[in-house]
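Quick notes on the structure that follows.
The values are calculated or read from the model by the stated rules, or taken from the named source; none is laboratory data. Please read these numbers as outputs of a predicted model, since none were measured by experiment. We place every Cβ from the backbone using ideal geometry, glycine too, and count neighbours over all the protein chains shown. We work out accessible area using only protein heavy atoms, side chains counted, and drop any ligands, DNA or RNA first. Shrake-Rupley method; radii C 1.70, N 1.55, O 1.52, S 1.80 Å.
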Amino acid sequence: MNIKGSTNIVGLIGHPVEHSFSPPMHNAAFEALGMDYAYVAFDVDPSDLKSAIDGAKSLNIKGFNVTIPHKIQVMDYLDEIDEVAGLIGAVNTIDFKEMKGYNTDGIGAIKAIEEVTSLKDKNVVIAGAGGASRAISFYIAKYGAGSLTILNRNVEKAQNLAGDVLNSGLIGSVKSGSVSDINYCLNDADILIDTTPVGMHPHINDEPIALAEDMHENLVVFDAVYNPNETVLLKEAIEAGAKPVYGIKMLLYQGAESFEIWTGKKAPIDVMEEALRKTLNLE
């Protein structure tokens with residue numbers, strides 16, 4: 001990489017950040033397009049968040065990705081929040097041109113799923129009611145799903161999220177329940193999305209949230225976990241003849257969306273995916 005006096009800096013803030021896959025993915029994209037940009041990860045203690053944002057502005061940094069634990073608190077230091085990011089209540093991308101915050105996690109999942117099927121008028125079941133589920137749920141509503149069912153071990157959390165999504169006015173039918181009832185919910189489902197950490201490395205032999213016998217072959221199954229690439233849930237989906245969607249795709253498309261927000265240029269998806277696969281040893 002040729003760093004010059006004119007090089008534009010974008011990056012990631014979080015705590016910790018050393019395991020991030022974003023720098024190789026974004027730097028490969030900049031190199032492929034011959035852009036004078038560099039992507040760097042910054043470990044920022046929560047107590048230093050405000051000074052980090054102020055400092056980045058002073059240093060003419062162009063944009064940030066934001067990861068745990070800063071996604072909510074960082075909203076206090078921005079001038080504008082994108083509409084869906086405001087509904088989600090968390091930001092994972094900042095464009096310093098307008099000091100505006102976006103959330104690209106949800107759109108990453110949507111684009112991954114839409115490689116396989118449209119969301120329009122589909123019955124979607126989502127497992128989990130944490131930050132990832134919240135981000136994805138609002139985008140599912142925005143992209144015209146027919147119905148959404150949110151399942152969680154803590155049913156109250158699922159009910160609260162379902163209420164928030166319904167109140168957004170983006171979708172007419174949102175239900176909630178216990179993840180233990182998933183087999184009944186999948187009978188009429190078109191898409192299953194798992195945002196729980198079940199099956200994430202090193203717990204790769206966890207009991208999946210649904211088994212092949214619970215699924216049908218017209219079901220699309222997306223797992224937000226990307227390590228391992230083929231989770232216990234996706235193995236069951238493949239056995240059932242359902243269509244798997246891999247978590248790496250969400251990582252890829254949320255990164256591509258951030259790239260386009262910062263640069264105004266179309267992200268080189270193939271290059272970014274190749275870099276991601278290399279970093280995750282999936283080649």
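Structural remarks
- Within the stretch 69-119, tally of residues that are at positive phi and hydrophobic (A, V, I, L, M, F, W, C): 1
- So residue 270, is it of a type in the set (D, E, K, R) and under 19 Å from the mean Cα position of the chain (by Cα): yes
- Across the stretch 182-234, the qualifying residues are those that are surrounded by 13 or more Cβ atoms within 10 Å (Cβ to Cβ) and acidic (Asp, Glu), and the one among them that is farthest from residue 161 (Cα to Cα) is 230.
- Selection count where residues are among the acidic types (Asp, Glu) and modelled with pLDDT of 95 or more, scope the stretch 99-114: 1
- Unmet criterion (only one of (1) modelled with pLDDT under 95; (2) assigned to a helix (DSSP H, G or I)) for residue 225: (2)
- Among residues of the stretch 172-181, those that are of a type outside the set (A, V, I, L, M, F, W, C), open to solvent by less than 30 Å² (accessible area, probe 1.4 Å) and under 20 Å from residue 109 (Cβ atoms), counted: 0
- Within the stretch 135-150, tally of residues that are within 9 Å of residue 162 (Cα to Cα) and either touching a residue at least 40 places away in the same chain (Cβ under 8 Å) or surrounded by fewer than 24 Cβ atoms within 10 Å (Cβ to Cβ) (or both): 1
- Considered as a group, the residues in the stretch 235-254 that are among the small types (Gly, Ala, Ser) and more than 12 Å from residue 109 (Cβ to Cβ) include one that is surrounded by the fewest Cβ atoms within 10 Å (Cβ to Cβ), and that residue is 241.
- Residues in the stretch 69-87 that are within 27 Å of residue 145 (Cα to Cα) and open to solvent by less than 10 Å² (accessible area, probe 1.4 Å): 2 in all.
- All positions within the stretch 45-68 that are closer than 21 Å to residue 251 by Cβ, of a type in the set (Val, Ile, Thr) and crowded, with 17+ Cβ neighbours inside 10 Å: 66, 67
- For the stretch 259-275, a residue qualifies if it is assigned to a helix (DSSP H, G or I), open to solvent by less than 30 Å² (accessible area, probe 1.4 Å) and touching a Gly at 6+ places or on another chain (Cβ under 8 Å), and the qualifying residues are 262, 272.
- Residue match in the stretch 123-133 (condition: in a loop (DSSP other than H, G, I, E, B) and open to solvent by 50 Å² or more (accessible area, probe 1.4 Å)): no
- There is at least one residue in the stretch 52-59 that is at pLDDT 95 or above and over 25 Å from residue 1 (Cβ atoms).
- Scan of the stretch 159-213 for residues that are in a strand (DSSP E or B), of a type in the set (S, T, N, Q) and within 28 Å of residue 227 (Cβ to Cβ), ordered by number: 178
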